[in-house]
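Below: the structure, in structure tokens.
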Amino acid sequence: MNKADIPLRSQIAQNDKWNLSGLFANDAEWEKAFSEYALRAEKLPGFKGSLGKSAGSLAEYLNFYRDFSILEERLAYYADLRQCEDEGANEARVMTGKMTIASAKAAAGISWAIPEIQAIDNDKITGFLKEECLSEYLIYLKIILRWKPHILTDKEERLIALQNEASGIAGDAFSVLTNVDFDFGTIDTEEGPRPLSQSTWSVFMESENRDLRKRAYDAFYSCYDSHKTTLAALYGGSVKQDVIRARIRGFASAREAALFPDNVPLSVYDNLISTISKNLAPLHRYYALKKRTLKLERMCHYDVYAPVSADVKKKTSWNEAVELICCALAPLGNEYVNTLRGGLSGGWADKYENKGKRSGAFSAGSYTAPPYILMNYKEDSIRDVFTLAHEGGHSMHSFYSAKSNPFSHYNYSIFEAEVASTFNEELLYRYLKEKSGSPELMLYIVNKRADDILATLYRQTMFAEFEKLTHEQEERGEPLTIETLRSVYRGLLKKYFGDGVELEACSDLEALRIPHFYRAFYVYKYSTGISASLALAGRVLGGGKDEREDYFSFLSSGGSRFPIDSLKAAGVDMSEPEPVGAACAVFSGLVDELERLLEK
């Protein structure tokens, strides 16, 4: 679609937009609620000094704070979703700006609360936890008490809360520099000059035209090369912040601090890296297969994303995509399928692109409203059908979590978040493969699944290993310079791509362009998530009622269990390396299948 063809927000049909009335009927209602929020925030400090008096006093505060937090969530979600509709809309930007300032002020004004709860005598708080008035908050309070060794005085916590907004400056500067200030220029194509940008980069890298891939690659990394010292300083500053925050709270390392909230042992992270490292042969075999199929004398870094199958143009309307997904997810039962179908057809989703709309896709689940899905759906893209299934998985996870838990612990962890979404993708892949009907579509689907698992399992683990190495270097007191960052990353590129892929001089500049690195120790959750979802998909499809109910227990658990325990109850033990090894075996099987299909 050309830019000129992209409709304005006002030109999108109402039934193709999400219905945000589950949050607020309109902006005016939001403004009224925002005024109420500000008044409630002023009352929070009034509870100071009362939390240890009795179980009833603590419950009174927690009930007030629960209702305040539910209102805060509604306000924040509505403002953000409205801004997503059109990033240039001033009204929405004003709302998100007001909410950011107000919530930061509220956080600073309540920074005394957790230290005050943790200061309650152990015997006293143990007695409080037996009282009925606190039954809704048992898990919430136990999590707070678990943090006791890492919480500071109320004055120190206030100082930390006040500087929280500034702690993301490195990441914000990276985003502005690479998304706004960078000018990658244009690339000449058969259709004429096309702009090179962060969003068009992947399109060029997946092109069948090798010369086009190389020219786009060189132009893209030339821009990063011109700013490499600044980018290295930004990332180094972000790592330094991670290490400082961990030390302030008494953690042995930044990685331990990042894994502590989910109670994930460091061994899970280490098992992931070591298991993937032992199973790189299928990955290297896949790149060798690509090299043969693409008839390349040299397999270069700009060749690794080129597909081995031709793109299949198959038109799938929104309603057809919904029905395809629902058929694929039929093993999960009528309640799941009918709820998802009703949501995707009745106001959960913002379906199509409009001018100014946020790119990509996401699901935003909250406690009091439906889980909303942002899409930029294209009817001629099979990939978008998978994206819709993926976001639908997130939304149904949010739906069951909110339905089954009190607000204080309904939210599931990011560690678990990618399980339900990639589970749905696996079921859709298996269904479409069975119904493919043509060798071309079969090859495309198998190739796409292999690429998706590679990107989620292997590539994210490479990123996780890089984060581990760079943070350890900072913790040893060794400065992170542009030279050291490039050296570490080039070593990982050689390890993961193998001898069959030739790196360019600029290939290691990739280390400077990954946004997730500014949210340290996050990417490993993609790898563990796909490993868990592949195991659970096989278990549900190969089992019966009990296996399905185990999966629903996981979807419904919210934050009532730590993620390792929640997944273990569903039937997969992520504290052991076996699920990751089994995921590598799935990828290896896809490579085998691609070889057979390409021989035909």
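Remarks
- Members of K98/K448; K314/K468; K278/K315; K148/K240; K148/K568; K43/K240 lying beyond 32 Å, as alpha-carbon distances in this model show: K98/K448; K314/K468; K278/K315; K43/K240
- Anisotropy class of segment 291-405 from Cα gyration tensor, a/c 1.5 cut: prolate
- Compared with the direct C-alpha span, the chain from T186 to A585 gains 139.5 nm at full extension, assuming 0.36 nm per residue.
- Shape analysis of the chain yields a ratio of the Cα radius of gyration to the Kirkwood radius, Rg/Rh, of 0.95.
- Dipole in debye (nearest 20) - segment 3-163, about Cα centre, beta carbon charges: Lys, Arg +1; Asp, Glu -1: 380
- Least to most buried among H394, H409 (fewest other Cβ within 10 Å first): H409, H394
- Against the chain, whose longest principal axis is taken from its Cα atoms, helix 524-542 shows a tilt of about 80°.
- Nearest 10 degrees, 0 to 90: helix 460-475 Cα axis against the chain principal axis: 60
- Between helix 439-453 and the chain: long-axis angle, C-alpha atoms, 0 to 90°, nearest 10: 50
- Three-way shape label, segment 352-493, alpha-carbon gyration tensor, a/c 1.5: oblate
- Cα lying deepest toward the dipole's positive end in the chain, options L503, A219, G544, charges on Cβ: L503
- For T189, residues with placed amide H under 5 Å, excluding near neighbours: R194
- Total charge dipole magnitude, the chain, about the Cα centre, Cβ charges on Lys, Arg, Asp, Glu only, Debye to nearest 20: 240
- Distance histogram in 10 Å bins (all Cα pairs of segment 3-163, percent per bin): 9, 31, 27, 18, 10, 4, 1
- Sorted by Cβ density within 10 Å, fewest first, the residues T100, T422, T387: T100, T387, T422
- Candidates T339, W147, S197 compared by Cα position along the dipole of the chain: farthest toward the positive end lies W147, with charges placed on Cβ.
- Whether segment 465-600 is rounded, prolate or oblate, judged on the alpha carbon gyration tensor where a/c under 1.5 counts as rounded: oblate
- Approximate spin-label separation L296-E578, in nm, with each point projected 7 Å along Cα-to-Cβ: 3.8
- Projected label distance in nm at A455 and S267, using a 7 Å step from Cα toward the beta-carbon: 3.4
- Ranked by how many other Cβ atoms sit within 10 Å of their own Cβ, fewest first, the residues E297, E31, E510 fall in the order E297, E31, E510.
- Listed peptides 463-473, 545-555, 195-205 by packing density, highest first (mean Cβ within 10 Å): 463-473, 545-555, 195-205
Rule-based calculations on the coordinates, nothing more; no lab input. What you see is a predicted model, and the numbers here were worked out from it, not measured in a lab. Cβ atoms come from the backbone with ideal geometry, glycine included; neighbour counts cover every protein chain shown.
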